[in-house]
Amino acid sequence: MNKVNVEKIGNNRFRVTLQVPLGNNWYDNVVFNCFNSKDYYRFNLSHKSNDNNTITFEGEIDLPDSALYNTFISCCIDGVEHYLDKDNKFGRDIQKTNMKKMSVNFNVPDWAKGTMIYHIFVDRFNRSDDSKLVDRPRRNIHRDLSEDVQLGPDKDGIWTNDFYGGDLQGITDKLEYIRKMGFKVLFLSPIVESQSNHRYDSGDYEKVDPLAGTVADLRKLCDKAHSLGMKVILDGVFNHTGNDSKYFNEYGSYDSDGAYHNPNSEFAKFYRKTRNNQGREVFQYWWGFKNLPECNCDSPEWQRFICGERGIIDLWFKCGIDGLRLDVADELSDHFIELIREACERNKEDSFIYGEVWEQLVYKNRNYVMSGHSMHSVMNYKGMDALLRYYMYGDVDKLRSVYEEIIGEYPKETRDSLMNSTSTHDISRIITILGAPYLFDPNNMWAWDFDNSRLDFIRNFQLNEEEYRIGRDKYLSYLLALGFLPGNLTLFYGDEAGLQGLGNLQNRRYFKWDSIDPMIHGVVTDIGRIKEENPFLREAEPRIIDLTNDYIMYERYCGENKLLVCTNRSNREMDIKLPLGYPKKIYTLKRSTDRTLYPYGGIVMRNNGRDDDDSR
């Protein structure tokens, strides 16, 4: 059997060994090929020995730091060029999807690979204490938790300023609930003092928003999470602040000399400026939103404030957090993200950084993943969109091409830690999308795109009983397919409960703790159990076995361990044929079998069978 070993023997130095069976074949011109988007390296491997029916070739190589190298071995066998793929099989050609991936001085901490993440919009999750509901200017408070969210502007023309008072203590109170479903990572929306309920318009980075709690509450949350074996990721919003902030201070809400009124303010260099048509220097605003002045991420002053010793990142890590998610990461400079990475690792060696990246692929013209010194992984919007289009429209080509791209082009460490979300705060709820697909246009850029200006329609929309039932059936099948793909299954709070929401305001409803859908909650918990019982899934390779208009079948494999997932996106029974080597069914959805998938059903199989069969 062919075998390749790449052993690290120095900071950037490796020993590459190829072993092939001793037989009648003649091997010559053995080369270790290694390339990324910028460079191509070829290293000759020399014949070392013929021992124990094995021919050994070996060489030592030096490679610069990089998150991704595609590698393969080429050689002439009896005078004919051959290529060794990631499964250690020789063939006459090779594609990127069949090459091994290699990183040099780029590693994702084990805790951030192949796990489950619970994404919480803090204001809407759980209110622990009504006494914190203190009125302040330009805020509307829902004291009655049964009230629906505010759509559009209030009577003063202000958007997203209604609050329910979900807080950090409320999250701490529900940690056991979250952990029992299998979640090991919390991802919290911004918690710093801000004017808006989403808190992406930071007002004071050094304070927790009073409605969300205190710094002590954050420390308590992190301590309790760590005691349960969980990690905490905070949303880092470093591309812009709010106009109603300590630093900009347009309204004079803060006792500070803000940049809006004073060009010589100590905060003036925090912000990006441009010249208008009259040639006058003016502030630049994120996507033209006048409440979000853009920060100059190339400014040394801004960099020191966020990343420097005793800066904002140091402050939050001292509270116990374990990582950051970078808002609009593709609008931050490569150098700034590298400084953020340095600051995180200065505080915790095994810290982790996600980036919010939508359209821009992780490897195109940017170093923010590929350098190996920047963020570790991204929100997998491309993969989410492809799987959702498959479930909505049967788009096989989109799903296949996107996942071939992810497998072939992403660093393995990045791929193993992708954020695979059911929903997010920016898109409609997954059960609403699948229950009412007629509301969405397949020609839009994203499967979930919707006209959020239709406020009256959104305000009054709710799935009817039949739509909810069908949406739930589709969602459970979709969830099973999503749950075992490379990366981290990430649930937006309430998606385990059947929480509905059309558009990116209605999707942020307060969690209805008295109406959790037991069927959805149960499947989420089952997926969590299976993932914990099969830790090899954290780094297992993916392979699509079969993909039709009606069902997807894929496997994850690592060494001798294999797991197979097959799900039916249609409302018809589907006959299937499994590959050999999967004797034990460990999970079934809709009573599906290893020969028949029932409508919206699915199965999970193991190659070495266990006694923990479960059905739903």
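Here, P(r) means the percent of Cα pairs in each 10 Å bin from 0 to the largest distance; for the range 110-171 it is 19, 43, 23, 12, 3. For the range 420-559, the mean projected area of the C-alpha convex hull, equal to one quarter of the hull surface, is 9.6 nm². Where the centre of each part is set by its Cα atoms, how far does the range 385-404 sit from the range 258-320, in angstrom? So the two Cα centres are separated by 40 Å. When only alpha carbons of the range 241-362 are considered, Rg and Dmax amount to 15.6, 50 Å. Would you mind checking the tilt of helix 518-533 against the longest principal axis of the Cα atoms of the chain, expressed as 0 to 90 degrees and rounded to 10? Tilt of helix 518-533: around 50 degrees. The alpha carbons of the range 135-259 occupy a box of 44, 35, 23 Å along the principal axes, longest dimension given first. Taking Cα atoms only, the orientation of helix 381-393 departs from the longest principal axis of the chain by about 80 degrees. Remark: spin-label model distance Asn5-Asp78 equals 2.9 nm, labels positioned 7 Å along the Cα→Cβ axis.
Per residue, the Cα convex hull of the range 176-240 amounts to 92 Å³. If only the Cβ of Lys and Arg carry +1 and only the Cβ of Asp and Glu carry -1, the dipole of the chain around its Cα centre is close to 860 debye. For the range 528-607, the calculated P(r), taken from all Cα-Cα distances in 5 Å bins from zero up to the bin holding the longest distance, is 3, 16, 28, 25, 17, 9, 2, 0 percent. Going by the alpha-carbon gyration tensor, a ≥ b ≥ c the square roots of its eigenvalues, is the range 236-275 rounded (a/c under 1.5) or, if a/c is not under 1.5, prolate (a/b greater than b/c) versus oblate? The shape class here is oblate.
Using the 2.2 N^0.38 Å rule of thumb for compact globular proteins, work out how the chain stacks up: its C-alpha Rg over that value, please. Please report the intermediate quantities before stating the final value.
Working: Rg = 25.9 Å, N = 616, 2.2 N^0.38 = 25.3 Å.
For the chain, the normalised Cα radius of gyration is 1.03.
Give me the percent of the accessible area of the range 430-561 that comes from carbon and sulfur atoms, probe 1.4 Å, all protein chains in place. Can you show the working numbers first?
Numbers: 2320 of 4780 Å².
Carbon and sulfur: 48 percent of the exposed surface of the range 430-561.
Among DSSP beta bridges lying fully in the chain, give the percent that are antiparallel, nearest 5. For the chain, the DSSP antiparallel bridge percentage is about 70.
Accessible area per residue, 1.4 Å probe, Å², for the chain: what's the number?
Values: 25000 Å² over 616 residues.
I get 41 Å² per residue for the chain.
With K and R counted +1 and D and E -1, the other residues having a Cβ less than 12 Å from that of Phe14 yield a net charge of -1. Accessible-area rank, largest first, for Lys531, Lys590, Lys207: Lys207, Lys590, Lys531, with all protein chains present and a 1.4 angstrom probe. Extending 7 Å from the Cα toward the beta-carbon at both Ile544 and Arg136 defines two label points whose distance is 4.9 nm.
Pop out the carbon and sulfur fraction of the accessible area of the range 1-47 as a percent, whole number, probe 1.4 Å. Each step should come with its number before you reach the end.
On the way: 1360 of 3050 Å².
Heavy-atom surface of the range 1-47 belonging to carbon and sulfur, 1.4 Å probe: 45 percent.
Carbon-plus-sulfur accessible fraction, the range 144-224 (probe radius 1.4 Å, protein heavy atoms only): 51%. Taking all protein chains as shown and a probe of 1.4 angstrom, Trp513 keeps an accessible surface of around 60 Å². What angle do you read, to the nearest 10 degrees and between 0 and 90, between the alpha-carbon axis of helix 465-483 and the longest principal axis of the chain? The answer is roughly 50 degrees. Remark: accessible surface ordering of Glu465, Glu356 (largest first) is Glu465, Glu356, probe radius 1.4 Å. Shape of the range 458-504 from its Cα gyration tensor (a ≥ b ≥ c, root eigenvalues): rounded if a/c is under 1.5, otherwise prolate when a/b > b/c, or oblate? In terms of gyration-tensor shape, oblate. Computed with a 1.4 Å probe over protein heavy atoms only, the accessible area of Lys89 comes to about 130 Å². Of the cross-linked pairs Lys89/Lys398; Lys86/Lys412; Lys269/Lys318; Lys269/Lys348; Lys38/Lys101; Lys89/Lys585, those separated by over 20 Å at the C-alpha level are Lys89/Lys398; Lys269/Lys318; Lys269/Lys348; Lys89/Lys585.
The values are calculated or read from the model by the stated rules, or taken from the named source; none is laboratory data. Keep in mind that this is a model prediction, so the values were computed, not measured. Here Cβ is always computed from backbone atoms with ideal geometry, including for glycine, and neighbour counts include all displayed protein chains. Heavy atoms of the whole protein, side chains included, go into the accessibility calculation; ligands, DNA and RNA do not. Shrake-Rupley method; radii C 1.70, N 1.55, O 1.52, S 1.80 Å.
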